[in-house]
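All of the numbers you see were taken from the coordinates with simple rules; none came from a lab. Being a predicted model, the structure only gives us computed values, none of them experimental. Every residue, glycine among them, receives a Cβ derived from its backbone with ideal geometry; neighbour counts consider all protein chains shown.
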Amino acid sequence: MKMNDTRPPRWAQWLLRQLHPEDTLEEVEGDLEELYDYWFQRNGKTLAVLRYLFSVISVLPPFVRKRKNEKDYYTPSNLHPDMIRNYFKIAWRNLLKNKGYASINILGLSIGMAVCLLIMLFVQHELSFDQYHTNAGKIYRANMEIKFGNNHIDLVVVNPNFGETAKNDIAAVEDFVRLRWSDGFLIKKGNENIRENRIAFADNSLFSIFSFPFLDGNPQTALTEPNTIVINESIARKYFNSTQAVGKTLIINDTQHRRVSGVIKDIPENTHFQFRMFIPMFEDGGSKEKIWAGSQNYNTYILAREGVSAAHLNTELSRMLDKNLDSNLQKVLGKSLSQFKAQGDFFHVSLTPLADIHLYSNKTGELDGNGNLQYVYVFSAIALFILVIACINFMNLATARMSGRAKEVGLRKSMGSLRSSLIMQFLSESMLTTVFSMVLAVSLALLALPVFNELTDKQIQVAFLAHPAVVIALITLTFIVGLLAGAYPAFYFSGFQPVKVLKGTLENSFKKSMLRNGLVVFQFSASIVLIVGTIVVYQQMDYIRGKDIGYSREQMLVINNTNQLGDQVQSFKNQLLTVPGVRNVTVTGFLPTNYYRNNNSFFPTQALDTKDAVSMQKWEVDENYINTMNMKIVAGRNFDKTMGTDSNAMIINEAAAKFMGQKNVLNKVFYNIRDEETKTLNGYRIVGVVKDFNFSSLRDEVKPLAMIYRKNNAGISVRLQSSDLPALIGQIGDKWKLFSPGLPFEYSFMDDDFNTLYKGEEKVGNIFTVFTLLALFIGCMGLFGLATFMAEQRTKEIGIRKVLGASVMGITSLLSINFVKLVFVAILIACPLAYYFMDKWLAGFAYRIHIEWWVFVVAGALALVITILTVSWQAIKAALMNPVRSLRSE
Amino acid sequence: MKRTYLGEFEEMVLLMVAILDQEAYGVTVNQALEEHTGRIVAFGTVHNTLIRLEEKGFVNSKLGGATAERGGRRKRLFQVTALGSRTLQEMHELRQDLWQMVPPHTLRLSRL
């Protein structure tokens, strides 16, 4: 019998060793070997092997019972109340012991969290738009995309009879409502006329489709009678001192009487239109017309029946549109729809769900400026960055203090502390810090809310913070930040081996802390990206402000409501010209800086072939317009008062000339439909070309524009030249009073109007700056903390170096150089990233700057200087210390 | 009648530990069970039961000295604790009492 035979199979033994619980392995292995011998002797090899295998399996998991650890001492559960109390007691003591460290952490975290909180409110507010309507899920806005010839427009407005036809013809449509901006008007209060804006024509169904609660009046009939008006609560209080105003009369434009037929609550701020008054839709002349191609002017909302899908509704609406367009096109253009389509032209209808309008829709004819989803993302990302930077501070400072805490860990472990309870202790320390920070953050957020509202142009209320969702979010945020910031130190520290720690062999691994360096690099990369972003945003804004916009907007006074003067406008104008300091006056409502626009199609022949049509602005101006605005004529001439033929003359801009594609456009005649029904045409001969000037956002290219010589009394623009503007304006105001004693003198300056066009961009610029400063500040606090601990760490080294003759300068640079290196790495990482993001942002502008190399140099240098300033403060302090003191301390 | 529940197999194993006196460990308990009751049980069952008895406090154990015959591996020797022996005695007494109460003819009848 070979020796090998008396032993059980090796692989079974191996299996046993691998899988059997370690603490009972020795005895079980021995027992089984002894039993194998016994079976082998009694029953022979085969049976012995079989029984052995069977027995091995019976002591493998999951069959085997694990022996519980023998405990010689009592270990309380980690979650025992006493333990928890102890964790927090120790955490509290630690915070008190290291006040500087704790305050850096708490301040950094609370700023980060406050920013996060504000952004959360902002995002929540943006996402809440139009969600509050009872019918929100069933309301769709109809959009119309039109292409004919070289014109392509994407509108949120449709023809006047679109909604009604849909309601009558399509079963899936329950109801519709149309809205259209009305001009602002004057309302009489006492003897004073006050201008009120934000008034809309609306169908009565507005109140059954949308949820606007009535404080007074009957929603069923509020807008069904002529000369009625529905006002909101603020207007009611302003003019009647009461919300019960139904039946009372408002005097409009000094003459007209309107009976208040309803008072609604102010439309909530998170609605995509902000009207304050509604007047009946049927009072709008065009609203009763039955046209499909030609008058796209009505924001139309469709209420779908329960359970109707948007896709189905869209198909039905497209079918309806095609059917009706056909006959309409035949009438106007003499073409069938298929002929129209064969030229590549089309009318497309699409739907936008109500709740998507604010963030996703940015077409022509929106009722109000909508939000921008991109900014929601950008702000959220930045807020997260700042929070992460603050968390990194926490982690870095914690690991920097590692050597100090390591001894504590070693001692606790020697005294029998379990790893799990050490983790709990470190986590509760970070939790305690975050809870303090959160309390501080909420107060900071409350304090900063008015500033933030100003910055973002919102009216987020303080009460919003008490919203259950926000409270839950706060608690979750605290918890997550506490875990995020505390997890790394907790798990890392608690893994120390007490022997190594107490022997002091940890110092080496401490210097090689790649992770901490990586985190510092991350912090600075983020900061540099933000610095570059800020510089680029401001440069772009500066570029826009300084760009040659084709006219001059300085010292230009705009008087708006001159319609009230009627025929007296001309004599008022002549009076103005007598005022010293007034250089030029032009009478028209069409200005590059307002929203008064008139888009028209011009045809080169009387055949009205859509293929060659030019879509242009048609502005009615007088002969002084070009001179007053300081625009330049590049070809031809200005309008001439003495030439009677100029009533059919037009001056186009360079963009229009380019669009027409002809070398010499002067004296060409273009036709414009005067009346859809009778097909009367107006022909205009081009007498001049004016240099391109910007009349919409600089995000867009200059579009074709034509000026015709017509009276338009909607406004007066006055070119001034005076060093004493207030006095001059006083004089102009006196002239105004001569002509219209009851009417307010309303004016603005053109450069102010221009700046409001770019409020959005300016807003982003300001937010960027604030965030950048905060990110830099938090990052620097962390760096300051790190430098402090580094210097403390190397106290002895510095002492010895000084004794051996090192200079203060040498020691300072020794301590700073590591951080400087990190900042350089951060610059390398941040520059391409910043370039990529900012180039993408700039791509949204038709007139844009190109990012120059020095921007990165400035950003890098700024980060570097800040780093050196922060670090060298500590470094110099350490270097100046008397070596006797540092060396004596043991 | 407050007593930790002791299963039938547990009782057997506990008895075996008592019978084996100072020599009770995995192998001997396994062999004794086979020998005295004719039951062939998996080693794991005995192992688990011994651990469970120890957890319940009926036996305690200690590791014996190294032995030559099993590759120098130590044995875990089991001993009945005071609680174990009292429980065994109580069970024995209880059964005897119960036996006393059984009328003789019922058992005879049932045997038929």
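Relative to the longest principal axis of the Cα atoms of chain A, the long axis of helix A:99-127 lies at roughly 40 degrees.
Secondary structure note: in the protein assembly as shown, about 80% of the DSSP beta bridges are antiparallel. Can you give the FRET efficiency for B:Glu35 and A:Thr476, using 1/(1 + (r/R0)^6), R0 = 56 Å, r = Cβ-Cβ distance, to the nearest 0.05? It comes to 0.30. Compared with the direct C-alpha span, the chain from A:Trp92 to A:Asn78 gains 3.2 nm at full extension, assuming 0.36 nm per residue.
Looking at the square roots a ≥ b ≥ c of the eigenvalues of the Cα gyration tensor of region B:8-111, which shape do they give, rounded for a/c under 1.5, prolate if a/b is larger than b/c, or oblate? It comes out prolate by the Cα gyration axes. Exposure proxy shown here: for A:Ile480, A:Ile291, the number of other Cβ atoms within 10 Å sets the order, fewest to most, as A:Ile480, A:Ile291.
Pairs of lysines in region A:388-533 whose Cα atoms sit within less than 21 Å of one another amount to 10, provided the residues are eight or more positions apart or on different chains.
Annotation: amide H-H contacts under 5 Å for A:Lys632 (H modelled 1.01 Å from N, sequence separation of 5 or more, or interchain): A:Lys691. Sorting A:Val230, A:Val435, A:Val308 by the number of Cβ atoms found within 10 Å of their own Cβ, with the fewest placed first, yields A:Val435, A:Val308, A:Val230. Shielding of peptide B:26-35 by partners, expressed as the average count of other chain Cβ atoms within 10 Å per residue Cβ, is 3. Under 22 Å from the Cα of A:Lys691, which lysines turn up, not counting those fewer than eight places away in the same chain? Partners found: A:Lys547, A:Lys618, A:Lys632, A:Lys641, A:Lys658, A:Lys663, A:Lys668, A:Lys703. Counting, for every residue in B:64-70, the Cβ atoms of other protein chains within 10 Å of its Cβ and taking the mean gives 3.
Per-residue shielding of A:44-55, expressed as the average number of other chain Cβ atoms within 10 Å of the residue Cβ, stands at 1. Taking a straight Cα-Cα cut-off under 17 Å and skipping sequence neighbours fewer than 8 places away in the same chain, the lysines within cross-link reach of A:Lys99 are A:Lys89. Kindly provide the helix-only [θ] at 222 nm of chain A, computed as the sum of -39,500 (n - 2.57) over DSSP H runs of four or more divided by all residues, to the nearest 500 deg cm²/dmol? So the calculated ellipticity at 222 nm is -16500 deg cm²/dmol. Roughly what would the spin-label model give for A:Ala727 and A:Arg237, points 7 Å off Cα along C-beta, in nm? Simple spin-label model gives 4.3 nm for this pair. Helix A:402-414 and the longest principal axis of the Cα set of chain A meet at an angle near 40°.
Exposure proxy check: A:Asp752, A:Asp284 ranked by fewest other beta carbons within 10 Å?
By the 10 Å Cβ count, ascending, the order reads A:Asp752, A:Asp284.
Each principal axis of the Cα cloud of the protein assembly as shown was evaluated for its coordinate range; sorted largest first, these ranges are 135, 99, 64 Å. For chain B, the longest principal axis of the Cα atoms and the long axis of helix B:82-101 meet at an angle of about 20 degrees.
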